[in-house]
Structure formats: structure tokens, C-alpha cells
Amino acid sequence: MKRFEEQLEQYVGAPFCRCVSSCTAGLILSMQALGIGPGDEVLVPAMTFVASANAVEHAGATPVLVDSEPGTGLIDLDAAEAVITPSTRAIMPVHLAGRPVDMDRLAVLSERHDLVVIEDAAHAIGAHWRGRMVGSFGNVTALSFYVTKNITTIEGGAVLAADPAVAAEVERLALHGLSLGAWERYSDEGFRHYEVVRPGFKFNMTDVQAAVGIHQLGRLEGWIAIRAELWARYDELLAGLPVRTPPVAEHGTRHARHLYQILLEPWAPVTRDQLLEGLAERHIGAGVHYRGVHLQPFYRDKYGLTPAQFPVASDISERTVSLPLGPGMTESDQDYVVDALCELLRG
């Protein structure tokens, strides 16, 4: 696993990497290592997978949901600043679909209000902001290697950090809080006792998973290039249909092209869910990324949230569809998806 961690450090340009069992585990461990807990608020985008907010709940802190930017679906940093209180300790930007958040504006915001930044980069390994890789900005950043991601260890994740103390605490907490792992306890130098100074978790990555990751990482750049080609072809083929294709990547950035999300126009002849049903009938695996966190019963009821509080995220929640995209996809596969969309959306 150490070899995979070192390769990730080199690829991203982050001083320290510690592999864990999932991105969610990485987010939880990051907050634990940073001392974020009861009484603290963490700003989280409403438009994200629920794991982002769940991690805050598991840390004992309070997630404060923030609406999205129109078009990109990324966290609205102006809206985030408007809800900061004396209890706000951290902000958790999500690089949704692989599109990087404005890291310059984020840095200004975090410095102005003395906020810890914990980046949810589950979609964004390989994304660049103005010549720098996501995960290299000195913030604590969590990556995902789940089976659907741009590279996979089947299950798995990693935490990137600039502070060696944070990295060490993440590593310790990921394995029950033990001061020594098995390799240190059972070495040629003889048996050594471990000590536990705080309760940890079972969130470690296995060496077998890391071995898979080593071979995946070497292919990532080529896979991102293939995704970009398919992405541009979708843009061309979907012209004229009642859908909005993703906004172009901001100048000087690289989108990781994890999810190709369209927004169904209100005047389309079918609803979003009818479109999903039609695609499923044709054996096309489209998805919804996402229905906003504020619409999920636990968060809606616990915090008294309504769709009107998050108008952009609520609108995206009702209209978004993610089309199949991956480096193994052929142009013939893509043509089949587009032909089905034409059939369903042209009435």
C-alpha cells in the first residue's frame, strides 16, 4: 500500500497520502484528525451525494447545506459566505462530476473566515485548477476509488494532506487508533506492543486493493483523454435535443470528465423519470447525480429544510440525468445511447 500512496503523492503533488477504505471514510477521518465535532458547523453543498453530509453527521458536527451555482451545480461560494456563523469551522467543497471548484475564490473565503477546507474530490482525481492538480492546494482532500470512479480499487479511497500530523492521525484512526500496525508489531526486530490513545475505526485499505490501484493509476491520463473525446462527441450529437449539455470547462482548468450530466428542458415531451424508464427499457444505464441532500427525509426532517431554500439544487434534482461515459465505451455504444435519446425526446 505504501507504494500506491507514494505514487498518488507524486501524481497529485501532495506531500502526504494515506489510503483508506472509501472516500466517505476519508472525510470522516479527516474531520476527526482536525478536531471537528460537536458544536461545529461544516458548510456542505446541497447538490452532492449524501455521503458528504453523512460524514459530517458521523463526526458529530452539523452540516449546513449551501445552494448551487446555476449551470455547473458546484457550491455557490457567495451563498456559502452568507451562512457562515461563529460556529462554522470548515467548508467541504465537492468537485461535482469532475469539474473543479474555483480554488482561488475558495482560498480567499477560507482565509477571510479562518475555515478549514476539506475537499470532497471523489469525482476529481486528475482535475486541474489553473495548472495545479486538485488535491495539491494544501487542503485536506478525500479521493474515491469506488468501482464507478475514474480509477478503481473496487472499494477504496485516500486522504491527501500537507500536514504530516494530520496524515499520521488519519493513518492511526483508520486502524482502530493503534500506534503500530501489524508490519511494525511483527517485524524482524521482534514483537512490539501497540498503544491506543483514542478509539479509531476499521477504515484501512488492503494491500490487494492498493495493488489494483497501482496499475489503474498509470492508465488514468489516457482514460481521461478518452473521456474528453466521448464528452465532445456527446456535445455534438445532442445538439438540437431538448437538453442542456454540461457547461464548458473554465479556461485554464481541466475537468476530470467523471460524469456527463444533461439537464432535461421543461418543454421536453417526457419527464426526467420517464426518460430514465425509457432508457432502462433499452438497456441503457443512465443515472441521477443527484437528488439534493435537502430532499432526503433524514436531512429534510432533522433540519426543517424545504426545496425553496435551495432553488438551484432543487431544480437540478428534478432535471439531471447522467449518461453512460467511460474509457471502455465505443462510438457505437454512444450512438446507441443518442439514438435512444432522439427517439424518446423528439416525441
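The values are calculated or read from the model by the stated rules, or taken from the named source; none is laboratory data. Bear in mind that the values here come from a model prediction, so they are computed numbers and not experimental data. For neighbour counting, all protein chains shown are included, and Cβ atoms are generated from backbone atoms with ideal geometry for every residue, glycine included. Just so you know, the surface numbers come from the protein's heavy atoms only, side chains and all, with ligands and any DNA or RNA stripped out. Shrake-Rupley method; radii C 1.70, N 1.55, O 1.52, S 1.80 Å.
Summary of computed values
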| quantity | calculated |
| --- | --- |
| Chain lengthening between GLN10 and SER87 when straightened (0.36 nm per residue, less Cα-Cα) | 24.1 nm |
| Set of segment 209-240 residues, backbone N closer than 13 Å to the point 7 Å along the Cα-Cβ line of ARG3 | 209-218 |
| With Cα atoms, 0 to 90° folded angle of helix 220-237 axis to the chain main axis | 20 |
| Cut-off 10 Å between beta-carbons: net charge of the residues surrounding HIS294, Lys and Arg +1, Asp and Glu -1 | +1 |
| Sorted peptide list for 96-106, 310-320, 291-301, criterion being average Cβ within 10 angstrom, highest first | 96-106, 310-320, 291-301 |
| Sequence ranges 324-331, 273-280, ranked by mean other-Cβ count within 10 angstrom, highest first | 273-280, 324-331 |
| Over segment 123-180: Kirkwood hydrodynamic radius from C-alpha pairwise inverse distances, Å | 12.7 |
| Distance histogram for segment 1-153 (every C-alpha pair counted, 10 angstrom bins, percent rounded to whole numbers) | 11, 44, 36, 8, 0 |
| Translational D in µm²/s for segment 81-232 (Stokes-Einstein at 37 °C, 0.692 mPa s, Kirkwood Rh from C-alpha pairs) | 186 |
| Segment 271-324 - convex hull of alpha carbons, volume per residue in Å³ | 76 |
| Percent accessible area from carbon and sulfur atoms, the chain, protein chains only, probe 1.4 Å | 54 |
| Near-label residues of segment 310-347 by backbone N, under 18 Å of a point 7 Å along Cα→Cβ of GLN274 | 318-321, 340-347 |
| Convex hull volume per residue in cubic angstrom - Cα atoms of segment 229-336 | 143 |
| Positive-end residue of LEU106, ALA168, THR48, charge dipole of the chain with Cβ unit charges | ALA168 |
| Length gained when the stretch CYS342-TRP267 is fully extended (0.36 nm per residue, less Cα-Cα span) | 25.5 nm |
| Projected label distance in nm at ILE214 and ASP114, using a 7 Å step from Cα toward the beta-carbon | 4.5 |
| P(r) of the chain over all Cα-Cα pairs, binned every 10 Å from zero, in whole percent | 5, 25, 32, 24, 10, 3, 1, 0 |
| Potential extension, ASP335-GLU281 segment - 0.36 nm per residue separation minus Cα distance | 17.8 nm |
| Electrostatic dipole magnitude of segment 1-141 [Cβ: Lys, Arg +1; Asp, Glu -1; Cα centre; debye, to 20] | 480 |
| DSSP beta bridge pairing in the chain, given as percent antiparallel to the nearest 5 | 65 |
| Inter-part distance where segment 5-23 and segment 33-47 are each reduced to a Cα centre, Å | 23 |
| Theoretical FRET efficiency, 1/(1+(r/R0)^6), r = Cβ-Cβ of ASP163 and ALA225, R0 41 Å, to 0.05 | 0.80 |
| Residue-normalised accessible area of segment 234-321, given per residue in Å² at a 1.4 Å probe | 50 |
| Computed E for THR206/THR148 - FRET, C-beta separation, R0 22 angstrom, nearest 0.05 | 0.70 |
